[in-house]
């Protein structure tokens, strides 16, 4: 998987596997950084290129292949959601959106954070009052 923020500012999680020959489209062995900025993804095997939304932008020599249309191929996108800077990814299409769960999590985290903060402040106050 590769996590990408597209030119449209949308975060997507795409397959890193080129559908043509199954090659990784972002292999570090070919001098590509594991993270950073890219304008497109390029398969090093036959140089198929993909836009940051997963669409096939170029497939050299495939214009000669009967019935080939680059609009019919692309990097599959995985269902993902962004919540408070976390990216949730699932292969299941039948589960409810994370947003339903995150409301409960947010309340729980707020309550836990408040309790931890109060506890740590109380502990600091005790340590200071004993002169340690």
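The values are calculated or read from the model by the stated rules, or taken from the named source; none is laboratory data. From a predicted model like this one, the values you see are computed outputs, not experimental measurements. Quick reminder, even Gly has a Cβ in these numbers, built from the backbone with ideal geometry, and neighbours come from all protein chains shown.
Going through 2, 11 one at a time, which residue ends up being in contact with a strand residue (DSSP E or B) (Cβ under 9 Å, 6 or more places away or on another chain), surrounded by fewer than 16 Cβ atoms within 10 Å (Cβ to Cβ) and within 28 Å of residue 88 (Cβ to Cβ)? Please lay out each step first, then the result.
Working: 2 fails: surrounded by fewer than 16 Cβ atoms within 10 Å (Cβ to Cβ).
Within the list 2, 11, the selection yields 11.
Could you list all residues from segment 79-94 that are surrounded by fewer than 13 Cβ atoms within 10 Å (Cβ to Cβ), within 12 Å of residue 1 (Cβ to Cβ) and either at pLDDT below 85 or over 9 Å from the mean Cα position of the chain (by Cα) (or both)?
Result: 91, single match.
Output the residues belonging to segment 25-50 that are buried (at least 17 other Cβ atoms within 10 Å of the Cβ) and in contact (Cβ under 8 Å) with a residue 12 or more places away in the chain.
Filtering segment 25-50 for residues buried (at least 17 other Cβ atoms within 10 Å of the Cβ) gives 25-26, 41-43, 48-50.
The answer is 25, 26, 41, 42, 43, 48, 50.
Only one of these conditions is not met by residue 59: (1) at pLDDT 90 or above; (2) surrounded by fewer than 10 Cβ atoms within 10 Å (Cβ to Cβ). Which number is it?
So the condition that residue 59 fails would be (2).
So, in segment 14-28, of the ones that are touching a strand residue (DSSP E or B) at 6+ places or on another chain (Cβ under 9 Å) and outside any loop (DSSP other than H, G, I, E, B), which residue ends up nearest to residue 76 (Cα to Cα)?
Looking at the filtered set, the residue picked out is 14.
For residue 18, are the conditions met, namely being out of contact with any helix residue (DSSP H, G or I) (no Cβ under 8 Å at 6 or more places or on another chain), in contact (Cβ under 8 Å) with a residue 40 or more places away in the chain, buried (at least 17 other Cβ atoms within 10 Å of the Cβ) and assigned by TED's automatic domain parsing to the domain that holds residue 82?
Values: out of contact with any helix residue (DSSP H, G or I) (no Cβ under 8 Å at 6 or more places or on another chain): yes; in contact (Cβ under 8 Å) with a residue 40 or more places away in the chain: yes; buried (at least 17 other Cβ atoms within 10 Å of the Cβ): yes; assigned by TED's automatic domain parsing to the domain that holds residue 82: yes.
Spelling it out, residue 18 is indeed out of contact with any helix residue (DSSP H, G or I) (no Cβ under 8 Å at 6 or more places or on another chain), in contact (Cβ under 8 Å) with a residue 40 or more places away in the chain, buried (at least 17 other Cβ atoms within 10 Å of the Cβ) and assigned by TED's automatic domain parsing to the domain that holds residue 82.
Which residue out of 40, 68, 78 is in contact with a strand residue (DSSP E or B) (Cβ under 9 Å, 6 or more places away or on another chain) and more than 30 Å from residue 94 (Cα to Cα)?
Values: 68 fails: in contact with a strand residue (DSSP E or B) (Cβ under 9 Å, 6 or more places away or on another chain); 78 fails: more than 30 Å from residue 94 (Cα to Cα).
Result: 40 is the single residue among 40, 68, 78 that is in contact with a strand residue (DSSP E or B) (Cβ under 9 Å, 6 or more places away or on another chain) and more than 30 Å from residue 94 (Cα to Cα).
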